[in-house]
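Take a look at the structure set out below.
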Amino acid sequence: MAFQRKRIRLGECLINEHYLTQEKLEEALAQQKGSGKRLGELLVENGYVTGEQLASALSRQLGLAMINLQNIDIPEDILNLVPPQILRKHKVLPFEYKAGAPNTLHVAMFDPMDTTAMDDISIVTNLSIEPVLATSQSIMLALDKYYGNSDIKHAAEEYAREKTAQTEQNEAEAADVASSPIVQLVTTMIESAVRQRASDIHIEPLARSLRIRFRIDGALYERAVYNASLLAAIVTRIKIVSGMDISEKRKPQDGRMTQIVDRLEYDIRVSALPTVYGEKIVMRLASKSALNRSKDQLGLRPDEMQVFDRIISNPHGILLVTGPTGSGKSTTLYTALSELNREEVNIITVEDPVEANINGINQVQVNNKADLTFASALRSILRQDPDIIMIGEIRDEETAGIAVQASITGHLVVSTLHTNSAASTVTRLEDMGLQPYLIADSLIGIIAQRLIRRLCPECKQQYDASDEEKEVLGQPLDRPLKLFRRRGCPKCGNTGFAGRTGVYEIMEISHELKLIIEKGGTADEIKSQALKDGMNTLRMSATRYVLEGVSTVEEMKKVSFDV
C-alpha cells in the first residue's frame with residue numbers, strides 16, 4: 001500500500017499542539033475504556049477539541065495533507081467506485097486519483113489510522129489507498145451532497161416495492177418499524193437538513209408531486225421532489241414520532257420530537273396543516289447547544305457590547321428583546337441569562353416551550369390545559385423568591401402588568417415582544433393598556449434585532465456601487481464606492497451566503513427618554529431622543545455590514561425595510 005502507517009499517540013500530539021490539557025485527556029481515556037469508541041471521536045464528542053483541531057494536529061504529526069471537500073467537485077467515475085453505505089460506515093470519501101499514479105486513490109478520512117476502512121476501500125476498488133485528512137463534518141456533508149438524494153430515492157423505491165393494498169393501521173405499523181424505508185427516508189432528510197444548516201424542513205404536497213424545501217440562512221431552497229404517493233407514509237411516520245393523532249387529518253396539529261445527528265441532540269417542533277392536496281408538514285430544527293452561546297458569538301460590536309453589559313447589570317427593571325419570528329430573540333435572551341447565572345442568584349423562567357435547558361436555572365413550561373398560563377405561572381413565580389425572571393413572550397395586558405409590577409418591586413425581568421423597532425415597543429406596551437409612567441419607571445432597555453446573511457468569503461465578488469445604492473447607504477454620490485455581491489461556490493452550496501449574524505438596535509433608557517415616555521411621547525419622539533443618546537438604528541447597523549463587505553444592499557433592505 002502506498003501510505004506507510006506510523007504509530008502515534010493522539011493525546012500527546014494534541015497536548016503538544018496546545019489543543020488539549022492532560023486532565024481532559026485522562027477524562028477521555030477513562031471514558032474510552034469499555035465504550036468501544038475511538039479516542040478522537042470521544043474528544044470531539046465531549047467538546048474537548050474541535051474536528052478542525054484534531055485534523056490539523058494529525059496533519060502535522062503524520063505529514064498528511066488536509067482537504068475541505070466543500071471546495072472541490074468530485075468526478076462521477078470516482079463517486080461510482082464505492083457503494084455509499086460502505087463510505088458512510090467508515091466515514092470516508094474517495095475524491096481523486098493521485099497525480100502521476102493512476103492506481104492510487106486519494107481518500108478523505110477523519111481517522112487516517114483506521115486500517116479496516118483503508119483495506120475495505122482497497123478491496124472494493126482494487127486500488128492503492130492514500131489517506132488525506134478531513135473533518136468528520138466535511139465528510140458527512142459531502143456524503144449528503146453526493147449520495148443524499150440517491151439514499152432517499154432508494155428508500156422511496158423500496159417503499160413503492162413493499163407497498164400493497166394496506167389499511168391505514170397497517171401503514172402506521174409499517175411507518176413505525178425501525179428498518180422501514182420510510183423511517184430511513186425521514187431520518188436521512190433530517191440529517192441532511194442539519195448538515196446543510198437548515199432551520200426548517202417544509203414537506204409540501206402539490207397536485208402531482210411532493211416537494212421538500214429547506215430554509216437555510218432565512219431563505220427556502222428546494223432540495224427534492226418525490227412521487228405524491230409517498231406523502232401518506234411520511235406524514236404518518238412524523239406524526240407517530242412527534243406524538244400526534246395519526247387518524248386526525250382535517251385539523252391542524254402540533255407535536256415535538258428529538259433526533260441525534262452527528263452526536264448532537266436536536267429538538268424538532270412539528271406542525272401539520274391540512275391543505276387541498278394533503279397535509280403539509282413543517283419541522284423547525286433547534287440544537288439545544290446552539291442557544292447556549294457566549295455573548296461574544298452574538299455578533300455585537302464592541303460599543304454595542306458595552307451597552308448590553310450595562311443594561312443586564314441593572315439589579316431590577318425590564319429588558320425587552322423584540323423582532324419578528326426567527327430573528328434570534330431566544331438566543332439573545334438565553335445568552336443574557338447565562339451571563340447572569342451565578343450561585344447567589346435565583347433565576348426562574350416561564351416559557352412556551354422551554355427551548356434549551358440551562359444548568360442552575362429553574363425553567364417552567366406553560367401548559368394551557370392545566371391552566372398554567374404565562375400570567376398564572378408568573379404569580380406563582382413571584383412567591384418563589386426570584387432575583388431574575390425570564391418570560392418567553394409578553395402576549396397580553398395581564399402578563400405585561402405582572403412583569404411591570406415584578407420589575408418595580410425589585411426584580412430583573414427579561415422578555416420578548418413582537419415589534420418592528422425599539423421605539424415602537426414603548427407604544428405597543430401603551431396599546432396593551434399599561435400606564436406611561438409605569439413603563440417609564442420599569443423599562444431599562446430594549447433590543448430590536450434581525451439576522452442578516454453573511455456573504456461567502458470564498459466566492460463574494462467586488463463591484464462598483466451604483467448611484468442608487470450610494471443613496472440608499474447614505475454615501476456621497478461623487479465618490480467611488482466598492483461593494484460586494486454574492487456568486488455561489490461548492491463551499492456555500494451555491495447560495496452565495498455562509499451563515500448569519502445579528503443586527504442590533506439597542507436603546508438604553510436614559511433619564512431624558514424616561515421623561516418622554518412618562519408624557520406619552522410618540523414613537524418618533526422616542527426614536528429622536530434615542531438617536532441623540534447614541535443609539536444606532538437597525539438600518540445604520542446593517543449599512544455598516546454592507547460597507548465592510550460582510551453583506552449586500554439587498555440584505556440590508558430586507559432587515560430594515562420597515563424601520
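The values are calculated or read from the model by the stated rules, or taken from the named source; none is laboratory data. In this text the structure is predicted, and so the values were computed from the model without any measurement. Cβ placement follows ideal geometry from the backbone for every residue including glycine, while neighbour counts extend to all protein chains displayed. What goes into the accessible areas is simple: the full protein's heavy atoms, side chains included, and nothing from ligands, DNA or RNA. Shrake-Rupley method; radii C 1.70, N 1.55, O 1.52, S 1.80 Å.
Data for the structure
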| quantity | calculated |
| --- | --- |
| Subset of region 375-385 [farther than 10 Å from THR349 by Cα and not polar (S, T, N, Q)] | ALA375, ARG379, LEU382, ARG383, ASP385 |
| Tally of residues being surrounded by fewer than 18 Cβ atoms within 10 Å (Cβ to Cβ) and touching a residue at least 40 places away in the same chain (Cβ under 8 Å) across region 339-355 | 5 |
| Those residues of region 320-330 which are within 23 Å of GLU265 (Cβ to Cβ) and crowded, with 21+ Cβ neighbours inside 10 Å, in sequence order | GLY328, LYS329 |
| Yes/no for VAL183 being modelled with pLDDT of 65 or more, outside any loop (DSSP other than H, G, I, E, B), more than 18 Å from SER271 (Cβ to Cβ) and open to solvent by 60 Å² or more (accessible area, probe 1.4 Å) | no |
| Pairs with Cβ under 8 Å, 6+ apart, first in region 358-372 and more than 17 Å from LEU382 (Cβ to Cβ) and assigned to a strand (DSSP E or B), second open to solvent by 50 Å² or more (accessible area, probe 1.4 Å) and among the charged types (D, E, K, R) | GLN365/ASP352 |
| Per-region count, region 63-91, residues touching a Lys or Arg at 6+ places or on another chain (Cβ under 6 Å) and either open to solvent by less than 40 Å² (accessible area, probe 1.4 Å) or closer than 18 Å to GLU12 by Cα (or both) | 1 |
| Residue check, GLU398 open to solvent by 10 Å² or more (accessible area, probe 1.4 Å) and in contact with a helix residue (DSSP H, G or I) (Cβ under 6 Å, 6 or more places away or on another chain) | yes |
| Lone qualifier among GLY488, GLY433 - being over 30 Å from ARG383 (Cβ atoms), without any contact (Cβ under 8 Å) to a residue 60 or more places away in the chain and among the small types (Gly, Ala, Ser) | GLY488 |
| Positions within region 341-397 being among the polar types (S, T, N, Q) and more than 27 Å from THR419 (Cα to Cα), in sequence order | ASN341, ASN346, ASN359, ASN362, SER380, GLN384 |
| Any hit, region 263-271, residues being within 25 Å of ASP352 (Cα to Cα), surrounded by 17 or more Cβ atoms within 10 Å (Cβ to Cβ) and acidic (Asp, Glu) | yes |
| Subset of region 426-463 (residues that are charged (D, E, K, R) and either over 33 Å from the mean Cα position of the chain (by Cα) or crowded, with 18+ Cβ neighbours inside 10 Å (or both)) | ARG428, GLU430, ASP431, ASP441, ARG450, ARG453, ARG454, LYS460 |
| Selected residue [basic (Lys, Arg) and touching a His at 6+ places or on another chain (Cβ under 8 Å)] from LYS145, LYS98, LYS91 | LYS98 |
| Positions within region 362-381 being touching a helix residue (DSSP H, G or I) at 6+ places or on another chain (Cβ under 6 Å) and farther than 22 Å from ILE268 by Cα, in sequence order | PHE374, ALA375, LEU378 |
| Test: residue in region 489-504 that is over 31 Å from the mean Cα position of the chain (by Cα) and open to solvent by less than 20 Å² (accessible area, probe 1.4 Å) | no |
| Only listed residue being at pLDDT below 80, open to solvent by less than 60 Å² (accessible area, probe 1.4 Å) and either more than 28 Å from GLN196 (Cβ to Cβ) or not basic (Lys, Arg) (or both), chosen from ALA156, ALA165 | ALA156 |
| Residue check for TYR437: assigned to a helix (DSSP H, G or I), out of contact with any Ser or Thr (no Cβ under 8 Å at 6 or more places or on another chain) and of a type in the set (Ser, Thr, Tyr) | yes |
| Failed item, numbered, when ILE260 is tested on (1) touching a Ser or Thr at 6+ places or on another chain (Cβ under 7 Å); (2) surrounded by fewer than 16 Cβ atoms within 10 Å (Cβ to Cβ) | (1) |
| Filter result for the condition that a residue is in contact with a helix residue (DSSP H, G or I) (Cβ under 9 Å, 6 or more places away or on another chain), at pLDDT 80 or above, under 20 Å from ALA108 (Cβ atoms) and open to solvent by less than 20 Å² (accessible area, probe 1.4 Å), over LEU20, LEU58, LEU25 | LEU58 |
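Let's see how each residue does on (1) of a type outside the set (Gly, Ala, Ser); (2) on the phi > 0 side of the Ramachandran plot; (3) open to solvent by less than 70 Å² (accessible area, probe 1.4 Å); (4) in a loop (DSSP other than H, G, I, E, B):
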{"residue": "ARG211", "(1), (2), (3), (4)": "yes, no, yes, no"}
{"residue": "ALA233", "(1), (2), (3), (4)": "no, no, yes, no"}
{"residue": "ILE240", "(1), (2), (3), (4)": "yes, no, yes, no"}
{"residue": "ASP254", "(1), (2), (3), (4)": "yes, no, no, no"}
